[in-house]
Each structure stands twice: as C-alpha cells, then as structure tokens.
Amino acid sequence: MSPWWRSAVVYQVYVRSFLDGDGDGVGDLAGLTAGLDAVARLGVDAVWLTPVYRSPQADHGYDVADHRDIDPLFGDLAAFDRLVEAAHERGLRVLMDLVPNHVSDQHPWFVAARAGGPERDLFHIRPRPTGWRSMFGGPAWSPLPDGDWYLHLFAPEQPDLNWAHPVVQADFADTLRFWLARGVDGFRVDVAGGLAKDPGYGEVRRGTLHPHWDRPEVHDIYRSWRHVLGSAPAVAEAWGPPERTAAFARADELGQAFAFDVLRTPWPAAALRRTVDAQLAAHRAVGALPAWVAGNHDIARVATRLGPERALALHLFLLALPGAFYLYAGDELGLPDADVPPELWQDPQSLRSGGRLPNRDGARVPLPWTSGPGVGFTTGTPWLPIPATWPVYARDRQEADRTSTWSVLRRALVARRWLWTTDDLTWQDTRPGVLVGRRGDALVVLNTSSRLWRLPAGTTVVARSGTGADPTTVTPAECVWLTDEPVRFAG
C-alpha cells in the first residue's frame, strides 16, 4: 500500500493569519485548533503549520531561537499538544515547518559565538567576506564584534548553520525525535537545498547557480534523517530543474519535493503539459511523485497571478494529477492579494531591499471567516490590514453557496479520493489549447483556449471549475473531471 502522503492534500496554514484565539490580532495555536472543524469540512488530509517555534519574529518565525519550544505569541507546548490531539481526532495529520539552514541571532549558540565562544564553529565565520549575496538583498555577510564576518543567506538576524559540524547534525536529529514523539506526522523542510556550503566560499559568477544550493553533501544529511523519520514524510522546499529537486524525494531521503515549476509556467496548455511531463518523469526516475502547488506564502496569490477563473481551474487540474497537492489557506476562498500600503509592510524581504524585491504581505493577510467585525479573524487589530471588501470572500458565505470557490473545491476533494485511483497519466490527442488527461477510467479536461470544447458523449461530469451553464461543453479557463470507459473524443 502506498504511504498516505504520496497522494495527500495538505492544507498550508500561515498560522499568524489563520484565526486569532486571544484577541491580540495575530493568529495562534488556539485559533487553529478552533478552526480545525472548518479544515476537516473542506476534505483535506493534513495541515502544515508555518513556524511556531520560539523566535524574535525578525522573519515571522523563520528565525528560530529554540527549535523545541513554542513562541508565546502562538501559545505553548500544551496548546500545541491540544492541537495535534484535536487534529488527529478529526482525521487530520500535522506537519511542522522545519528550519534547518539557519537560526535566530538570539539562539543560544549564536549568542555564545558572538561572544567568542567555541560555538563559533557551528556557524560560517571567516576573517573576510566574499561576494555572496543575501536572498533578501545586500551582502550575505555581516561583521562580528571581533572583526570577523558571519554568513547569512537571508536576514542578518538569521546566521547560517555549519552543517559539516556533528553537533549541528545531532541537535537536529534530536529536534526531529522531539516533535515526532509529540505526535507530529511529518515536516516541510525550509531551504532544503541550502544546508551544505562550498567549504572554500568560492566567488559566484553572475548568472550561475550559487555554490550553496543543492551540493551533493546535502543529500547525505537527509539520508541520515531518514533513519530518524522512519516512515514519516518530509517535503523539500527546493527550487531548480526537476531532475535536481526530485532528488530530494528519494525514498532514503525526504520522500517528497515541491513541484514549483508550475508557479512559473505560462497558462497555455502546451506549456503546462511540458511542465507536468518533466516533473512526473523526474520524480518517477527516483520512485516518487511530485507535491504539486498553486500557491504559498512566498508568492502572489494564484487568483491575482492568473485571475479567479483560471486559478480555480488550475487547482482542479493539479488535483487530478498523480501525486500530492499542497493547498495554501485562503486559496480555497479564491482570495486575491491584498493591497498593503508600504507604511504597513511587515515583509523583511521588501523592507530590507527598499521595495526592490517583491512584497509578500499581500498573500499573508488574515483570512475572512464571517461578514462581521474583523471578518471573524480577531476581536483586536489584525497584524496586517484586512481589505474592507473581503467579507464577500468570507468562509461562512462560501460554505452556504454551492457555486462558491470553497464549495467547488470541497466537492472536488471528496471526489478525488475515489476518482483518481491510479498513478498513471496519459494524454489524449485533441486540438491546441486543450489538455485531456486519462487516469484509469477518469478524465481531466483543461481548456486554456479561447473557444468552447465539446465534452465526449456518454461521459459523466464529476467536478468542474465553471458554472456548467452548458453541460455539454468546457468553456475557456475551465477544468472538468469526467468518468467513463475510454471513448473517442470530438473537439
């Protein structure tokens, strides 16, 4: 039997923005626990939590000061245990967001290293900087009081760990054991390809891959993790060509990797088919299947990138493919990016780059639950402003409307469990602009063209992203799921 996560639908919760349980304007573990019934009604298999570890929040939790404790902003370990218990009672598994590439500059190790202690060996510290650049803009090196320099691929408050040191390796193995013992079912691995660094800190030629991405040594780290993880999954956040990122999904490593190429693929059918084929081929070569994504907390929402109709169609299309699917909270409501004024920006990426790098706050604005005050998210002031127009997207409204984005996705998620039962995918010949894929006795049709496409006679529509005003056709920017025995298609 295939492991549950190979074809699971995982709901990504940006905890700060999901539901506020204590009225301080920031989502927390109590709020997430209170909202689990809504997550379960949607029909997903698991929830992935963005970091809730103890942190000074310089990068909203991705600067971790203690990997084995909960930040008071979100609750405590008892609140986390209640969340895991409540999730399991509802048939939902729980994935943690693990941040192994770097820690907070307030982590005890770095505090000691800054003071000149032997913990300096746990970081990348050298007498002079190289030309490496931070992902948040500017140099990737900052000075220490003694005149040496430390590496941070992200913010200066996030010093990179030296994964060649056995103390770092042993400590993270203990972290994995700690959360697994508390009932966690798996992990998402942040910056999965960045842990192993070029020991010579070689300079980087413009336009070439940085020497700290996907070095061969990083795979040794994850092979050691597999002995600790047992059968639990860990999904790699790794960017690059499919054959390189799929390597993290090998059975003796993490088991799963995000198929991020979809996020950068143009809408036309031919481009989408090339991306899907490349991802499936690369993953199957290592005995895995992709973890498909349409959005996450680091990019503009899919409804903004593609428009609402195409966004919903893309969700149904990806949900029909072999593999897992990670659904970003709020996309089931069709949320667009919110327009956060620059004076209220919270994203360190845009703040540190003076706005030169994209601002991600628009995809992180708190979720609308009701049409009432604070859209049901908080009784206080939300940590990011919620648009006045957002009650139209409220969850309670959408659950009561059979034509809403939420309702369409819920019906699709219910049908997905019995409709797509094989891991094969073959494409049917049809006219340009239309993709028709077959898995067993089921078909997925995506119309990226500007013309109607006629459904095959005798087939039964199981789910569709459009209104279905004409049940015999697939309209432009629509995706439809069908079931029947093999038939001859008429375009």
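Odds and ends about this structure:
- Largest first, the residues Met96, Met1, Met135 sort by 1.4 Å accessible area into Met1, Met135, Met96.
- Calculated Rg and Dmax of the stretch 305-443 using C-alpha coordinates, Å: 18.6, 55
- Extent along principal axes [Cα atoms of the stretch 1-100; Å; largest to smallest]: 42, 31, 21
- Across every direction, the projection of the convex hull enclosing the Cα atoms of the chain has a mean area of 22.8 nm².
- Inverse mean reciprocal Cα-Cα distance (Kirkwood Rh) of the stretch 207-272, Å: 13.1 Å
- Within the chain, helix-based [θ] at 222 nm, where runs of 4 or more DSSP H residues each add -39,500 (n - 2.57), nearest 500: -7500 deg cm²/dmol
- Pairwise alpha-carbon distances in the stretch 399-440 exceed 13 Å for 66% of all pairs.
- For the stretch 288-377, the fraction of 1.4 Å probe accessible surface lying on carbon and sulfur atoms is 55 percent.
- Cleavage-rule hits (trypsin sites (Lys or Arg not before Pro)) in the stretch 149-239: DSSP loop, at most 10 neighbouring Cβ within 10 angstrom: Arg205, Arg206
- Protein-only accessible surface at a 1.4 angstrom probe places the residues Thr245, Thr381 in the order Thr381, Thr245, largest first.
- Using the alpha carbons alone, the radius of gyration of the stretch 265-331 stands to its Kirkwood radius in an Rg to Rh ratio of 0.97.
- The stretch 296-350 - Kirkwood radius from inverse mean 1/r over Cα pairs (Å): 12.6 Å
- Those GluC sites (Glu not before Pro) in the stretch 192-300 that DSSP places in a loop and that have at most 16 other beta carbons within 10 Å: Glu203
- Long-range HN-HN contacts of Val462 with modeled amide H, under 5 Å: Trp481, Leu482, Thr483
- With Cα atoms as the point set, the stretch 41-168 shows a radius of gyration and Dmax of 17.3, 56 Å.
- Linear extension gain, Asp76 paired with Ala388, 0.36 nm per residue minus alpha-carbon span: 109.1 nm
- Dipole moment magnitude, nearest 20 debye, the chain about Cα centre, only Lys, Arg, Asp, Glu C-beta charged: 1640 debye
- Rg in Å to one decimal, and Dmax rounded to a whole Å, for the stretch 334-388 via C-alpha atoms: 12.2, 37
- A simple rule links phi to the HN-Hα coupling: the Karplus curve 6.51 cos²θ - 1.76 cosθ + 1.60 with θ = phi - 60°, which for the stretch 439-447 gives 10, x, 9, 10, 10, 10, 10, 10, 9 Hz, with x for Gly and Pro.
- Taken over the stretch 375-491, the alpha-carbon convex hull comes to 151 cubic angstrom per residue.
- Counted over the chain, the DSSP beta bridges are approximately 55% antiparallel.
- When every Cα-Cα distance of the stretch 102-239 is counted in 10 angstrom steps from zero, the calculated P(r) takes the values 11, 40, 34, 13, 1 percent.
- Pair Ala251, Trp4: separation of 7 Å Cα→Cβ label points (nm): 2.1 nm
- Rolling a 1.4 Å probe across all protein chains gives Ser224 an accessible area of roughly 60 Å².
- Between Gly194, Leu327, Met135, the Cα set farthest toward the positive side of the dipole of the chain (charges on each charged residue's Cβ, about the Cα centre) is that of Leu327.
The values are calculated or read from the model by the stated rules, or taken from the named source; none is laboratory data. Every value quoted in this text rests on a predicted model; they were computed, and no experiment measured them. Quick reminder, even Gly has a Cβ in these numbers, built from the backbone with ideal geometry, and neighbours come from all protein chains shown. All accessible areas refer to the heavy atoms of the entire protein, side chains included, with ligands and DNA or RNA removed. Shrake-Rupley method; radii C 1.70, N 1.55, O 1.52, S 1.80 Å.
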